[in-house]
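Student: Mind looking over this structure? Questions follow.
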Amino acid sequence: MLGLKLPTDPRWVNIVEKNIEEILTDHAYCEQKAASNAISVIVKYSCYPDLVQAMTAIAQEEMEHFGMVHEKMIERGLKLGFERKDPYVNDLAKFLKSKNSGGPLDKQFTNRFVNQMMFAAMIEARSCERFRILSEEINDDDLREFYRSLMESEARHYTTFLNFARKYGEDIDVEARWQEFLDFEATLMEKYGKGETMHG
């Protein structure tokens with residue numbers, strides 16, 4: 001369903017297990033950033049009422065997830081550390097920025113919109129894949145159950161963003177652009193999946 005073209009290196013789970021505090025801290029900030037992204041979409045694209053409604057729900061849900069991860073850390077006697085840089089996300093953004101084209105302002109607006117929807121969809125898709133791996137492979141029953149409970153919402157967010165790209169991506173071949181983006185993301189995964197971060 002996710003369409004990702006290169007799976008995470010299975011050894012990633014072994015790396016994660018060596019530093020649970022690190023992965024939970026990174027995960028917490030990922031949820032916070034996802035909420036911020038949804039709010040940013042509302043600010044930039046308030047012309048689409050159904051999008052505003054969907055992003056409001058996503059922003060609320062992502063902050064709920066942030067609270068859940070933080071609570072999980074408190075239960076374990078862990079503390080939320082500082083925000084980590086996310087090179088994977090930066091690489092995705094750079095690729096899409098290179099696809100921004102000139103032309104009439106309305107075309108530029110639509111182009112940026114489609115790119116932002118695909119950007120969010122890709123992050124949600126990879127996060128969903130990582131949650132599935134953790135729910136199946138990590139040697140911690142509590143975290144296995146925790147990540148299983150989060151998988152569905154990530155998959156739902158992924159389809160929400162991609163469907164909006166398709167709905168409002170007028171005069172843009174969204175399917176072709178998405179396949180190209182998937183191909184690029186697969187090349188990224190050759191160097192990621194080796195750190196104790198959600199996308200690292």
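Student: Does segment 63-76 include one or more residues that are in contact with a helix residue (DSSP H, G or I) (Cβ under 6 Å, 6 or more places away or on another chain), of a type in the set (Val, Ile, Thr), surrounded by fewer than 18 Cβ atoms within 10 Å (Cβ to Cβ) and more than 15 Å from Ser153 (Cα to Cα)? Quick ask: steps written out before the conclusion?
Tutor: Taking segment 63-76 and keeping what is in contact with a helix residue (DSSP H, G or I) (Cβ under 6 Å, 6 or more places away or on another chain), we get 63, 65-66, 69-70, 73.
Then keep just the ones that are of a type in the set (Val, Ile, Thr); that gives 69.
Those left that are additionally surrounded by fewer than 18 Cβ atoms within 10 Å (Cβ to Cβ): none.
No, every residue in segment 63-76 fails to be in contact with a helix residue (DSSP H, G or I) (Cβ under 6 Å, 6 or more places away or on another chain), of a type in the set (Val, Ile, Thr), surrounded by fewer than 18 Cβ atoms within 10 Å (Cβ to Cβ) and more than 15 Å from Ser153 (Cα to Cα).
Student: Can I ask one more? Taking segment 176-200 as the search range and keeping residues that are closer than 21 Å to Phe131 by Cβ and aliphatic (A, V, I, L, M), which one is nearest to the chain's Cα centre (by Cα)?
Tutor: The residue in question is Met198.
Student: Residues in segment 56-68: is at least one touching an Asp or Glu at 6+ places or on another chain (Cβ under 9 Å) and of a type in the set (A, V, I, L, M)?
Tutor: Scanning segment 56-68 turns up at least one residue that is touching an Asp or Glu at 6+ places or on another chain (Cβ under 9 Å) and of a type in the set (A, V, I, L, M).
Student: Still on this structure, I have one more. Considering only residues of segment 40-94 that are within 24 Å of Tyr192 (Cα to Cα) and of a type in the set (Gly, Ala, Ser), which is modelled with the highest pLDDT?
Tutor: Top of the filtered list is Ala93.
Student: In addition: Among the candidates Glu145, Glu129, Glu137, which residue alone is more than 19 Å from Gly3 (Cα to Cα) and touching a Pro at 6+ places or on another chain (Cβ under 9 Å)? Steps first, please.
Tutor: Numbers: Glu145 fails: touching a Pro at 6+ places or on another chain (Cβ under 9 Å); Glu129 fails: more than 19 Å from Gly3 (Cα to Cα).
Exactly one of Glu145, Glu129, Glu137 is more than 19 Å from Gly3 (Cα to Cα) and touching a Pro at 6+ places or on another chain (Cβ under 9 Å), namely Glu137.
Student: Which of the following residues is of a type outside the set (Gly, Ala, Ser), in contact (Cβ under 8 Å) with a residue 12 or more places away in the chain and touching a Gly at 6+ places or on another chain (Cβ under 8 Å): Tyr192, Tyr158, Tyr147, Tyr168?
Tutor: Values: Tyr158 fails: touching a Gly at 6+ places or on another chain (Cβ under 8 Å); Tyr147 fails: touching a Gly at 6+ places or on another chain (Cβ under 8 Å); Tyr168 fails: touching a Gly at 6+ places or on another chain (Cβ under 8 Å).
That would be Tyr192, the only listed residue that is of a type outside the set (Gly, Ala, Ser), in contact (Cβ under 8 Å) with a residue 12 or more places away in the chain and touching a Gly at 6+ places or on another chain (Cβ under 8 Å).
Student: Moving on to the next point. Is it the case that segment 55-78 has a residue that's touching a Cys at 6+ places or on another chain (Cβ under 8 Å) and over 13 Å from Phe161 (Cβ atoms)? Before the answer, list the steps.
Tutor: Kept after step one, since they are touching a Cys at 6+ places or on another chain (Cβ under 8 Å), are these residues of segment 55-78: none.
No, because not a single residue in segment 55-78 is touching a Cys at 6+ places or on another chain (Cβ under 8 Å) and over 13 Å from Phe161 (Cβ atoms).
Student: Among helices (runs of 4 or more DSSP H) lying entirely in segment 12-129, which contain 2 or more residues that are β-branched (Val, Ile, Thr) and within 30 Å of Glu175 (Cβ to Cβ)? Break it down stepwise before answering.
Tutor: Values: elements: 12-17, 20-44, 49-75, 87-97.
Where helices (runs of 4 or more DSSP H) fall fully within segment 12-129 and carry at least 2 residues being β-branched (Val, Ile, Thr) and within 30 Å of Glu175 (Cβ to Cβ), they are 20-44, 49-75.
Student: Can you confirm whether Asn90 is farther than 21 Å from Leu134 by Cα, out of contact with any Lys or Arg (no Cβ under 9 Å at 6 or more places or on another chain) and either surrounded by 13 or more Cβ atoms within 10 Å (Cβ to Cβ) or charged (D, E, K, R) (or both)? Walk me through it before giving the result.
Tutor: On the way: farther than 21 Å from Leu134 by Cα: yes; out of contact with any Lys or Arg (no Cβ under 9 Å at 6 or more places or on another chain): yes; either surrounded by 13 or more Cβ atoms within 10 Å (Cβ to Cβ) or charged (D, E, K, R) (or both): no.
For Asn90, the condition - farther than 21 Å from Leu134 by Cα, out of contact with any Lys or Arg (no Cβ under 9 Å at 6 or more places or on another chain) and either surrounded by 13 or more Cβ atoms within 10 Å (Cβ to Cβ) or charged (D, E, K, R) (or both) - is not met.
Student: Right, Ala186: buried (at least 19 other Cβ atoms within 10 Å of the Cβ), in a helix (DSSP H, G or I) and out of contact with any Pro (no Cβ under 9 Å at 6 or more places or on another chain) or not? Before the answer, list the steps.
Tutor: Values: buried (at least 19 other Cβ atoms within 10 Å of the Cβ): no; in a helix (DSSP H, G or I): yes; out of contact with any Pro (no Cβ under 9 Å at 6 or more places or on another chain): yes.
Considered against the rule, which asks whether it is buried (at least 19 other Cβ atoms within 10 Å of the Cβ), in a helix (DSSP H, G or I) and out of contact with any Pro (no Cβ under 9 Å at 6 or more places or on another chain), Ala186 comes out as no.
The values are calculated or read from the model by the stated rules, or taken from the named source; none is laboratory data. Predicted model, so just to flag it, every value in this text is computed and none were measured. Cβ sites come from the backbone with ideal geometry, for glycine too, and all protein chains shown count toward neighbours.
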